[in-house]
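Read through the structure below, which is laid out as structure tokens, and then see the notes.
The values are calculated or read from the model by the stated rules, or taken from the named source; none is laboratory data. Just so it is clear, the model here is predicted, and its values are computed rather than measured. Note that we place each Cβ from the backbone using ideal geometry, even for glycine, and neighbour counts take in every protein chain shown.
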Amino acid sequence: MANRAQVPTNNSSLIAMIADEDTIVGFLLAGVGNVDIRRKTNYLIVDSKTTVKQIEDAFKEFTSRDDIAIVLISQFVANMIRFLVDSYNKPVPAILEIPSKDHPYDPAHDSVLSRVKYLFNTESVAGDRR
Amino acid sequence: MEEDRRKDDEDNKLALQFMDSLHNYLSLTHSLSSTLRQGWLELASAKHSMGTSRVNTSVLDLKSHSASTTLKITENDDGTQPQFTLQKWVSSEHESTKLEDKNEHPQDSDTKSSDNDEVRKERDKSLSVFGVLISPKLRATQLSFEKALETLIDIANMRSSVLNSFTQLHKEVEDTKE
């Protein structure tokens, strides 16, 4: 029998966010904001002063917490840490790339579509037919 | 020959499942973009009427508080993928009460009315961070982003489905090559 990774279940998990200010404000209005007793939030506001290291650290922190189910990340921010995002492969938390006000969604950079485009690669299909 | 035909049917079924889930994933991402655009527009209107200094992240409450909108993670039927369910506006005073869980059993009208009051209370609490007198556009922004959250949860579940069917199809393709 093949080994299957166990899916962690949880009755009350958070949605983390790494995005621009307007997107964060919008989702906080929808009630997803959480601040723990150590004043750690479940979001990182990305602006012109935010460094790539800060984004990487936030991504690593959110993806290692077991109280977070989904990490929302603006696609333009994900592009800054593309290697880290594409090499992440755990089922939970799920990473969802979202558009931002100034950067519309680009399917060419979507990590899920990048993974599955192999099946539409003409070389791989031609290889089967030889 | 019969076995080959059966295998072909299974492969076709897998391919169709994959294409279906991919199509749904792309439709949902398109719908999300549209909803978010609406939300950003409404937020810009709210900022215009209330003033940018009142509607920004510097007014956010950094005192310890729990999220009102959370997620429940369960396993799907075959236990291979996570299934996400949105739990909107769960009162921090009554954390065990799921106010807008889609899987809730039917309620009587008194309970529903009380739940709606709780939801309104939680929504107002979220809006009150930006002051007492708020623009109707800010309420509209809240509703748009709530809708965006629902779409995002559908995307998360569809994503699991896409990756699962891709893995199965990829395995079939590799087995065929051998």
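Let's see how each residue does on (1) touching a Ser or Thr at 6+ places or on another chain (Cβ under 6 Å); (2) under 24 Å from B:Ser31 (Cα atoms); (3) not polar (S, T, N, Q):
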residue	(1), (2), (3)
A:Ala16	no, yes, yes
A:Leu29	yes, yes, yes
A:Ile37	yes, no, yes
A:Ala69	yes, yes, yes
For A:Phe76, all conditions in the list (1) facing chain B (nearest Cβ under 10 Å); (2) in contact with a His (Cβ under 9 Å, 6 or more places away or on another chain); (3) not acidic (Asp, Glu) hold save one; what is the number of the exception?
-> (1)
Could you please find all residues in region A:71-116 being assigned to a helix (DSSP H, G or I), touching a Ser or Thr at 6+ places or on another chain (Cβ under 9 Å) and not hydrophobic (A, V, I, L, M, F, W, C)?
-> A:Gln75, A:Arg82, A:Asp86, A:Pro107
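Being part of a loop (DSSP other than H, G, I, E, B) and within 11 Å of another protein chain (Cβ to nearest Cβ) is the requirement here; does A:Gly26 meet it?
no
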Conditions: (1) at pLDDT below 85; (2) among the small types (Gly, Ala, Ser); (3) within 21 Å of the chain's Cα centre (by Cα). B:Ser113 meets all but one. Number of the miss?
-> (3)
How about region B:1-30: which of its residues are within 11 Å of another protein chain (Cβ to nearest Cβ) and among the polar types (S, T, N, Q)?
-> B:Ser21, B:Thr29
Identify, from the list A:Thr50, A:Thr63, the residue that is at pLDDT 95 or above, more than 9 Å from chain B (Cβ to nearest Cβ) and in a loop (DSSP other than H, G, I, E, B).
-> A:Thr50
Identify all residues within region B:77-88 that are facing chain A (nearest Cβ under 8 Å) and either of a type outside the set (Gly, Ala, Ser) or assigned to a strand (DSSP E or B) (or both); write none if there are none.
-> B:Thr80, B:Gln81, B:Pro82, B:Phe84, B:Gln87, B:Lys88
State all residues of region A:99-118 that are under 19 Å from B:Ala156 (Cβ atoms), more than 7 Å from every other protein chain (Cβ to nearest Cβ) and at pLDDT 90 or above; if no residue qualifies, say none.
-> A:Ser100
Any chance you could count how many residues in region A:4-23 are more than 7 Å from every other protein chain (Cβ to nearest Cβ), within 30 Å of B:Ala140 (Cβ to Cβ) and not in a strand (DSSP E or B)?
-> 2
Going by the conditions given, is B:Thr52 within 30 Å of A:Ala108 (Cα to Cα) and more than 7 Å from every other protein chain (Cβ to nearest Cβ)?
-> no
Those residues of region B:9-63 which are exposed (fewer than 14 other Cβ atoms within 10 Å of the Cβ) and outside any helix (DSSP H, G or I) amount to B:Gly51, B:Thr52, B:Ser53, B:Asp61, B:Leu62, B:Lys63
Would you be able to tell me the number of residues in region B:132-178 that are within 25 Å of A:Leu96 (Cα to Cα), more than 22 Å from the chain's Cα centre (by Cα) and at the interface with chain A (Cβ under 9 Å from one of its Cβ atoms)?
-> 3
